[in-house]
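Participant: Provided herewith is a single structure, encoded as C-alpha cells, for subsequent inquiry.
The values are calculated or read from the model by the stated rules, or taken from the named source; none is laboratory data. What you see is a predicted model, and the numbers here were worked out from it, not measured in a lab. So basically every Cβ, Gly included, is an ideal-geometry build from the backbone, and we count neighbours across all protein chains shown.
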Amino acid sequence: MAFQDFRAHFDKVEVCNLSPDALQEDALHRWEVAVHQGSWVRGSTAGGCRNFLDTFWTNPQIKLSLTEKDEGQEECTLLVALMQKDRRKLKRFGADMLTIGYAIYQSPGNDEHLDKDFFRYHASLARSKTFINLREVSDRFRLPPGEYILVPSTFEPHQEADFCLRIFSEKKAISRDLDGTVDINLPEPSQPKPPEQETEEEQQFRALFQRIAGEPLAFPVWRAPLSLHLSTDVNLGKDLKFKKLSLISCRNIISLMDTSGNGKLEFSEFLVFWDRLKQWINLFIQFDVDKSGTMSSYELRTALRAAGFQLSSRLLQLIILRYADEGLQLDLDDFLNCLVRLENASRVFQALRMKNKDFIHLNINEFINLTMNI
C-alpha cells in the first residue's frame, strides 16, 4: 500500500507492543515500572476531579518516591499511564469510555490518606494534559527528586470503573497505595467514681439509671429503647432531625457495653454506654454538614477516623454497601450500628490476639460465637 493511500483511508493507528520493562536483560537501558490496580467505587472512592472538592480527596491516592536523578540530569523522568479496564467488554451493556485523568501533588511528608483541606490549599505540581474519554491517558514529566502523591480520577464524581495505573521511570521509584492501612485506636473506658465523688451530672445519670433499672440495679437489653430515647431527647434536644433508634440498634449498642455477658447493664457499664453514645452522636452532628439528619458516605472515612478507626478503602466500601442508602446517605441509626460493630470486632480481636501479633486463631465454634455476637 502506498503511503498516500494509507493516509487517505486511515485516520488512527494503534500499535500493540510489550511494555518498556520487557526489554532483554542485556539491553543498554531498562525502564523501571510500578503497577497499581484500583477501582473507583460510587459512594467511597469515586470522587471526580479537583472541580469537585468535597469528594475529590476520596479518590485513590498513590505515594511516589523519586530518589535518584537521571544520568547527567538534575531531575527525574517519569511517564504516567492511566488505563480504564474492561470498558470495551462492558460496551454491550451500555457502558461508554469514562473521561479520566490524574493529578500529581507534593507530598506533605506523612503516609496518611490526604483530606479535603490539603487539596483546598495546595495546587497540583503536574497533571495529565487533559481529562478525556480514551481507554488510556499518558504523559511524560520531569520532576525533582522527592515524594509525591498521585491521584487518578474520573472527571465526574460517582462514576464506577476499575483502572490500572502504570508509572515508568528511568531510575527505580518507590510507590505504594495510601488506602490499604487499617489502624484502630480506641480509648480505654472511663472508670466510675465512688458515689460521694460524683459530679452533679453523674448523680443525674445514677438517678436515671435507678429509675430505669429498678431492683436489682441492672436493666436488661429489652429496656434499651427507653434509655436511648431518653438520652437523645434529654441531652441533645428534640429539634434535631433524628429518627428514633431502632430496637436492633438499641440492643446492639447495649450488648457492646455488656462486658459481663449476662444481658444486663450494671451502673459502671451504663456510665460507659452513656459517654460513648454522646461521643458518637456528637460526631454524627459534626459531619451532618447540612443538618438534614443524614451524613454523606464520602464523609464516613473522616468520621470513622475521628472515632478511632482508620480503615482500608476496601473495608470502607463494604461498610458503605451495607449501611448507606441509595442516595449515599447514612442516618444516625446506620452510623451507630456501624460504630458498634467496628468497636466490638476491634475489642474482640485485641482481646484474642497473642503477643501483639496481627492475627488470631479460632476454631469453628469460637468463630460462630463471635460472628453472632458482633
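Participant: Assuming L114 fulfils every condition listed in (1) under 23 Å from R42 (Cα atoms); (2) assigned to a loop (DSSP other than H, G, I, E, B); (3) in contact with a Gly (Cβ under 9 Å, 6 or more places away or on another chain) apart from one, which condition is it?
Facilitator: (3)
Participant: Then there is this: List the helices (runs of 4 or more DSSP H) that sit entirely inside the stretch 271-374 and contain at least 3 residues that are in contact (Cβ under 8 Å) with a residue 12 or more places away in the chain and more than 15 Å from the chain's Cα centre (by Cα).
Facilitator: Passing ranges, in order: 332-352.
Participant: Could you list, in sequence order, the residues of the stretch 81-101 that are outside any helix (DSSP H, G or I) and either touching a helix residue (DSSP H, G or I) at 6+ places or on another chain (Cβ under 6 Å) or free of Cβ contacts under 8 Å to residues at least 60 places away in the same chain (or both)?
Facilitator: Passing the criteria: R88, G94, A95, D96, M97, T99, G101.
Participant: Scanning the stretch 138-170 for residues that are of a type in the set (D, E, K, R) and under 19 Å from A126 (Cα atoms), which turns out modelled with the lowest pLDDT?
Facilitator: Going through the qualifying residues, I end up with E170.
Participant: Given S153, S169, S128, S138, which one is of a type in the set (S, T, N, Q), without any contact (Cβ under 8 Å) to a residue 60 or more places away in the chain, buried (at least 17 other Cβ atoms within 10 Å of the Cβ) and not assigned by TED's automatic domain parsing to the domain that holds T302?
Facilitator: Only one candidate qualifies: S128.
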